[in-house]
Amino acid sequence: MERLRARLDDLTVELKAAARRALEESAEAVRAEAARNVRVDTANLQRSVKARLENNRLRAEVGWWDADDLYAALQEHGTRRIPANPVLGPALEQERNRIAARIREQVRRSTR
């Protein structure tokens, strides 16, 4: 029974690590898709879109955080003069269909 508890504890750590790897892959896929589809003028928005992961949680954020990139929100949502060119929402929706497969694959790899 003690060996089983130890193995379950190890498995829990392995499963969390697998889920984190899948999350990292998905966050990078969203970041790359947003960079690929953002409107290009100086290419600043392409270069500065980033994926951030929280250390102790299975949470990722993708977007622009530099003060110089404030206009990314204007591009995403549009203004009276600039038509909206959403890239984050569509990139996230596209990845939403893939995340479950990424998690399954990472869990399968970690439990072999």
Next on the checklist: As a test question: what accessible area, to the nearest 10 Å², does Thr42 have when a 1.4 Å probe is rolled over all protein chains in place?
Outcome noted: 90 Å²
Checklist outcome for this item: Length gained if Asn37 through Trp65 is fully extended, taking 0.36 nm per residue and subtracting the Cα-Cα distance, is 8.3 nm
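Of all the accessible heavy-atom surface of the chain, with the other protein chains kept in place and a 1.4 Å probe, what percent is carbon and sulfur? Present the calculation step by step, with values, prior to reporting the outcome.
Working: 4160 of 8040 Å².
Answer for the chain: carbon and sulfur cover 52 percent of the accessible area.
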Checklist entry - Which is farthest toward the positive dipole end of the chain among Pro83, Gly63, Leu53, measuring Cα position about the Cα centre, with Cβ charges +1 (Lys, Arg) and -1 (Asp, Glu)? => result Leu53
Checklist outcome for this item: Label model pair Ala73, Glu54: point-to-point distance (7 angstrom along the Cα→beta-carbon line) in nm is 2.1 nm
Item to check | Within the stretch 1-93, GluC sites (Glu not before Pro) in DSSP loop having at most 11 other beta-carbon neighbours inside 10 Å | outcome: Glu54
Checklist outcome for this item: Restricting to Cα pairs under 8 Å and 6 or more apart, the percent relative contact order of the chain works out to 32 percent
Item to check | the stretch 70-108: trypsin sites (Lys or Arg not before Pro) in DSSP coil with no more than 14 other Cβ atoms inside 10 Å | outcome: Arg80, Arg81, Arg98
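The values are calculated or read from the model by the stated rules, or taken from the named source; none is laboratory data. Everything quoted here is computed from the prediction, not taken from an experiment. Please note: Cβ atoms are built from the backbone with ideal geometry, for glycine as well, and neighbour counts cover all protein chains shown. Surface areas here come from the heavy atoms of the whole protein model, side chains and all, with no ligands, DNA or RNA. Shrake-Rupley method; radii C 1.70, N 1.55, O 1.52, S 1.80 Å.
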